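Here's the structure, in structure tokens; my notes come after.
Every number in this text was worked out from the coordinates using simple rules, so none of it is lab data. None of these values were measured; they are calculated from a predicted model. Positions of Cβ are generated from backbone atoms using ideal geometry, with glycine treated the same way; all protein chains shown enter the neighbour counts.
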Amino acid sequence: MAVKRMQAPVPTGYSGTPLAKKLGLKASSRVLLLGAPQEYASLLEPLPEGVVFESSASPRVDIAQLFVTRKEELARHLSALSTKLRPDAALWVCWPKKAANVATTVTENTIREVALPLGFVDVKVCAVSDVWSGLKLVVRKELRQTLGASKAR
């Protein structure tokens, strides 16, 4: 009798890379999830050792992940996060894929339209789930020292 082996769930997207790795989670990362779908944290498993989920935006956060469906909500969150996160923190903005049939006013271009004037630049895009895409934002290198100095005051 043949024994059927159980297989681990296939990671989301085309690369086969685990989601936590795609997002840049490393050992002892401090992560902030905002507006994440219920049970989303389970998609990040297995987590690197020592990952801590923060409950609010602060300079302790290494990686923030924001889920939005409305442009106004995106603008409000990005403005607040730009003043609360460290200049070297990564910020993933997630929006519903067109194929997901979720009502939204956010696209990859909308994110850039709102983020670029705040000093962010996009550096990576990935499939987060079958519903969500993600765009990784960071503060422009030439602005990091300036922003870091002003936050230290």
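Work through the residues other than P48 whose Cβ is under 10 Å from its Cβ and net out their charges, Lys, Arg +1 and Asp, Glu -1. Intermediate values should be presented prior to the final figure.
On the way: positive: K21, K26; negative: E49.
Neighbourhood net charge equals +1.
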Can you give the relative contact order of region 70-153 as a percent, counting alpha carbon pairs under 8 Å and 6+ residues apart? 36
Here the net charge surrounding K97, from other residues whose Cβ is less than 13 Å away from its Cβ (Lys, Arg +1; Asp, Glu -1), is -1
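DSSP beta bridges in region 19-152, what fraction antiparallel, as a percent rounded to 5? Please report the intermediate quantities before stating the final value.
On the way: 13 of 25 bridges.
That works out to approximately 50 percent antiparallel.
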Can you tell me which of 125-136, 106-117 comes out highest on packing, and rank the rest after it, using the mean Cβ neighbours within 10 Å? 125-136, 106-117
Global geometry of region 19-152, whether rounded, prolate or oblate, following the gyration tensor of its Cα atoms and the 1.5 cut on a/c: oblate
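What is the gain in length, in nm to one decimal, between V102 and L143 on full extension, counting 0.36 nm per residue of separation less the C-alpha to C-alpha distance? Don't jump to the answer; show the numbers that get you there.
Values: separation 41, 0.36 × 41 = 14.76 nm, distance 3.51 nm.
Answer, rounded to one decimal: 11.3 nm.
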Could you check the spin-label model distance between D130 and S28? Points 7 Å from the Cα along Cα→Cβ, value in nm. 3.8
Restraint check, K71/K98; K21/K84; K97/K141, Cα-Cα greater than 20 Å: K21/K84; K97/K141
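To the nearest 20 debye, what is the magnitude of the charge dipole of region 19-152 about its Cα centre, counting +1 on the Cβ of each Lys and Arg and -1 on the Cβ of each Asp and Glu?
Numbers: 19 positive and 13 negative charges, 75 e Å.
Taking the Cα centre of region 19-152 as origin, the dipole is about 360 debye.
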Estimated FRET transfer efficiency (R112, K21; beta-carbon r; R0 22 Å; 0.05): 0.35
